[in-house]
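Below is one structure. I have some questions about it.
The values are calculated or read from the model by the stated rules, or taken from the named source; none is laboratory data. Every value quoted in this text rests on a predicted model; they were computed, and no experiment measured them. Virtual Cβ from ideal backbone geometry, glycine too; neighbours counted across all protein chains shown.
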Amino acid sequence: MRLHNLITKLTADRSGITRVAVVALAVLAFGTASPSCFADVVYVFSGNITPYFFLPNGAAQSFSYEAPNFITQDTFVPASALSECSTGYSAICGGINFLPSSPGFGVPGQVVQIAFMDGVVNPNYYFPLAAFTADGTYSAVVFAGANTGTLTVTETPEPGPAFLLMGPLAILFLAQAYRWSRRKRGLIAGSGGLAESQFVSF
């Protein structure tokens, strides 16, 4: 709100000082529009273990994980680093293995693999190759006896360094421009009063 009031006062000033404010706002806008240099990637999974003798009713599983970037190599994420993790049965979630190498599928390079590490069943889910490295919602690869599920991957841009540096700089420009505009108005008002007194004396 204070920044809005400051901009309003500056734009109301007809002097050339407002050009400084315009430049500052342009810098701020550029910083805001600059492409992000950093981004988090959120992985949200929900799936079901296919029923078998140990789990005759199967189990509904889920987890969510915010990674610093796309996962491109085999990575184990402990439960403490996950936003949420549920095995869907009595076992405790120990973490998630993201496995682009897909060692459990037989032939590497066909799919990517998610392994729920719970110390009991340790179920695996297989997804299309792009599932770890591109935004989208992916369904698990279907084959006889496969566990089913979906994986949603979302890249969430963060403000880049340009914005972090330009934002405060633009605000400083605005504040300085406002001080200059007030100073100039004071000088104009003072010189106007002097000219009027001189005119009256004549």
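Look at the range 75-105 and say how many of its residues are assigned to a loop (DSSP other than H, G, I, E, B) and more than 14 Å from residue 60 (Cα to Cα).
9
Still on this structure: Please list, ordered by first then second residue, the pairs with beta carbon atoms under 7 Å, 6 or more apart or interchain, first in the range 67-91 and under 14 Å from residue 119 (Cα atoms), second surrounded by fewer than 12 Cβ atoms within 10 Å (Cβ to Cβ) and of a type in the set (Gly, Ala, Ser).
91/119
How many of the residues making up the range 68-89 are under 20 Å from residue 48 (Cβ atoms) and either at pLDDT below 95 or in contact with a helix residue (DSSP H, G or I) (Cβ under 7 Å, 6 or more places away or on another chain) (or both)?
Result for the range 68-89: 1.
In the range 82-95, what count of residues is obtained for those that are more than 20 Å from residue 68 (Cα to Cα) and under 30 Å from the mean Cα position of the chain (by Cα)?
6
Here are some residues: 163, 116, 98. Which one is of a type outside the set (S, T, N, Q), surrounded by 14 or more Cβ atoms within 10 Å (Cβ to Cβ), modelled with pLDDT of 95 or more and within 24 Å of the chain's Cα centre (by Cα)?
Residue meeting the stated conditions: 98.
I would also like to ask the following. Mind listing whichever residues of the range 102-138 are free of Cβ contacts under 8 Å to residues at least 12 places away in the same chain and among the small types (Gly, Ala, Ser)?
The answer is 106, 130.
Right, another one. For the range 92-101, name all the residues that are touching a residue at least 24 places away in the same chain (Cβ under 8 Å) and of a type in the set (Gly, Ala, Ser).
Within the range 92-101, 94, 101 meet the criteria.
If I filter the range 120-143 for residues that are in contact with an Asp or Glu (Cβ under 6 Å, 6 or more places away or on another chain) and either assigned to a strand (DSSP E or B) or not assigned by TED's automatic domain parsing to the domain that holds residue 62 (or both), do I get at least one hit? Walk me through it before giving the result.
Residues of the range 120-143 in contact with an Asp or Glu (Cβ under 6 Å, 6 or more places away or on another chain): 135.
Adding the requirement that they be either assigned to a strand (DSSP E or B) or not assigned by TED's automatic domain parsing to the domain that holds residue 62 (or both) leaves none.
Within the range 120-143, none of the residues are in contact with an Asp or Glu (Cβ under 6 Å, 6 or more places away or on another chain) and either assigned to a strand (DSSP E or B) or not assigned by TED's automatic domain parsing to the domain that holds residue 62 (or both).
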